[in-house]
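The values are calculated or read from the model by the stated rules, or taken from the named source; none is laboratory data. What you see is a predicted model, and the numbers here were worked out from it, not measured in a lab. Please note: Cβ atoms are built from the backbone with ideal geometry, for glycine as well, and neighbour counts cover all protein chains shown.
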Amino acid sequence: MNSQKGKILAVDGDESVLSSVSRLLGSKYEVETCYKNTEALRALQSLKSDILIMDAGKVNDEINLLSSSLEFDPNLRIIVTDFAPSVETAVKVMRAGAFDYLFKPISAESLPDSVAKAFEDRRNRLEKKYLEDVFYEVKTSVASSLNLEKVLDYIVQGVAKAMKAKGSSLSLLDKSHKRLMVVGTHGLSRKYVSKGPIDASKSIGETILKGEVVWVKNAADDPRTQYPEDAMKEGIVSILSVPLKVPGKVIGALRVYASEERAFVPQESRVLKEFSDQAAMAIQNARLYQDVKNEYDNLREDLRMYFDEIGWD
């Protein structure tokens with residue numbers, strides 16, 4: 001919706017109303033009109049509209065259209081207009097899933113304002129769904145593997161894709177709990193990744209250890225950034241860092257890098273934070289599995305050497 005005009009379908013039995021909708025919204029959006037309800041669903045499917053503006057008319061008939069439209073596209077935003085507004089009708093259409101309920105005659109202020117809010121709500125819903133769908137795919141991939149290297153790779157690739165970001169990185173605390181060591185990256189150059197560890201006792205690292213989310217608006221001039229010049233050369237502007245937590249402790253950090261100044265919206269931070277908690281458990285499980293496997297392999301090797309020494313056939 002950012003790269004093209006949003007699409008609106010207006011359905012009304014009054015042609016003068018349809019004309020008003022086109023006049024009020026036509027310069028900013030792609031507006032199509034439909035005179036009959038029977039044609040509305042077909043039009044919605046062919047036009048792939050973002051917003052449906054419909055008349056309240058015979059309330060029960062219109063609620064059927066409203067419900068059917070939402071079944072076709074649950075994120076469709078529907079604005080209902082009414083020449084004879086009533087609290088009863090308003091309650092019915094809003095319960096059925098309408099986004100807004102406007103009185104007729106449609107004013108030059110109320111309709112554009114309602115449509116703008118409807119588009120914003122639809123955008124947020126679609127972005128939330130995209131985030132959740134991508135993170136679900138990542139979680140499925142992560143859950144299918146106990147290979148630590150693969151788990152880390154699934155996570156950083158998935159985070160960059162879900163957040164539509166330049167890149168991402170995953171750092172784990174070393175044994176001393178004093179440094180965050182980068183163990184997985186996506187979309188970042190080798191030179192930037194090898195710039196050095198992050199001191200966990202300073203700035204962002206310290207905040208991460210407290211289990212807090214950190215947003216850096218501009219890495220080049222934020223005093224919390226430990227490698228600002230490297231970030232500039234890499235083309236990194238904004239950074240979002242979330243802690244990787246397992247019950248009782250922080251084990252590392254997950255970072256998202258943007259190539260432009262970006263204020264990550266609350267739902268992005270929230271979904272990323274929820275994912276990071278699950279990712280931390282997956283990493284911990286893969287680590288435990290790797291430790292057990294290493295012990296088993298070492299034991300087998302010790303036994304093999306022992307039997308070789310005693311000449312066991």
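Out of the residues in region 20-40 that are under 21 Å from Lys117 (Cβ atoms) and hydroxyl-bearing (Ser, Thr, Tyr), state the one that is surrounded by the fewest Cβ atoms within 10 Å (Cβ to Cβ).
Looking at residues that are under 21 Å from Lys117 (Cβ atoms) and hydroxyl-bearing (Ser, Thr, Tyr), I get Ser27.
Collect the residues in region 265-287 that are surrounded by fewer than 18 Cβ atoms within 10 Å (Cβ to Cβ), touching a helix residue (DSSP H, G or I) at 6+ places or on another chain (Cβ under 8 Å) and of a type in the set (A, V, I, L, M, F, W, C), keeping them in residue-number order.
Listed by number, the list holds a single entry, Val265.
Can you work out which of the residues in region 107-116 that are touching a helix residue (DSSP H, G or I) at 6+ places or on another chain (Cβ under 8 Å) and surrounded by fewer than 19 Cβ atoms within 10 Å (Cβ to Cβ) is nearest to Ile78 (Cα to Cα)?
Filtering region 107-116 down to residues touching a helix residue (DSSP H, G or I) at 6+ places or on another chain (Cβ under 8 Å) leaves 108, 111-112, 115.
Cutting the leftovers down to surrounded by fewer than 19 Cβ atoms within 10 Å (Cβ to Cβ) gives us 108, 112.
Numbers: Ala108: 18, Pro112: 14 Å.
Within region 107-116, the match that is nearest to Ile78 (Cα to Cα) is Pro112.
Please find, among Phe99, Phe103, Phe135, the residue that is modelled with pLDDT of 90 or more and touching a Gly at 6+ places or on another chain (Cβ under 8 Å).
Phe135
Taking interchain pairs and intrachain pairs at least six residues apart, which have beta carbon atoms under 7 angstrom, with the first residue in region 116-135 and touching a residue at least 40 places away in the same chain (Cβ under 8 Å) and on the phi < 0 side of the Ramachandran plot and the second assigned to a helix (DSSP H, G or I) and buried (at least 16 other Cβ atoms within 10 Å of the Cβ)?
Hits for this filter: Leu131/Ala162; Leu131/Glu268; Leu131/Val271; Glu132/Val271; Phe135/Gly158; Phe135/Ala162; Phe135/Val271; Phe135/Phe275.
Scanning for something assigned to a strand (DSSP E or B), in contact (Cβ under 8 Å) with a residue 12 or more places away in the chain and of a type in the set (D, E, K, R), does region 96-104 turn up at least one residue?
Yes, region 96-104 contains at least one residue that is assigned to a strand (DSSP E or B), in contact (Cβ under 8 Å) with a residue 12 or more places away in the chain and of a type in the set (D, E, K, R).
Against the conditions (1) modelled with pLDDT of 90 or more; (2) surrounded by fewer than 18 Cβ atoms within 10 Å (Cβ to Cβ), where does Val242 fall short? Just the number, please.
(2)
Within region 71-86, work out how many residues are of a type in the set (Phe, Trp, Tyr) and farther than 21 Å from Leu41 by Cβ.
1
Can you find, within region 1-30, the residue that is nearest to Glu109 (Cα to Cα) among those that are of a type in the set (Gly, Ala, Ser) and in a helix (DSSP H, G or I)?
Ser20
Which residue pairs have Cβ atoms closer than 8 Å, lie 6 or more positions apart in sequence or on different chains, and pair a first residue in region 60-74 that is closer than 14 Å to Lys36 by Cα and touching a residue at least 40 places away in the same chain (Cβ under 8 Å) with a second residue that is of a type outside the set (D, E, K, R) and in a helix (DSSP H, G or I)?
Leu65/Asn37; Leu65/Ala40; Leu65/Leu41
Consider Asp121 carefully, then state whether it is closer than 30 Å to Asp50 by Cβ, of a type outside the set (S, T, N, Q) and either assigned by TED's automatic domain parsing to the domain that holds Ile78 or in contact with a strand residue (DSSP E or B) (Cβ under 8 Å, 6 or more places away or on another chain) (or both).
It is true that Asp121 is closer than 30 Å to Asp50 by Cβ, of a type outside the set (S, T, N, Q) and either assigned by TED's automatic domain parsing to the domain that holds Ile78 or in contact with a strand residue (DSSP E or B) (Cβ under 8 Å, 6 or more places away or on another chain) (or both).
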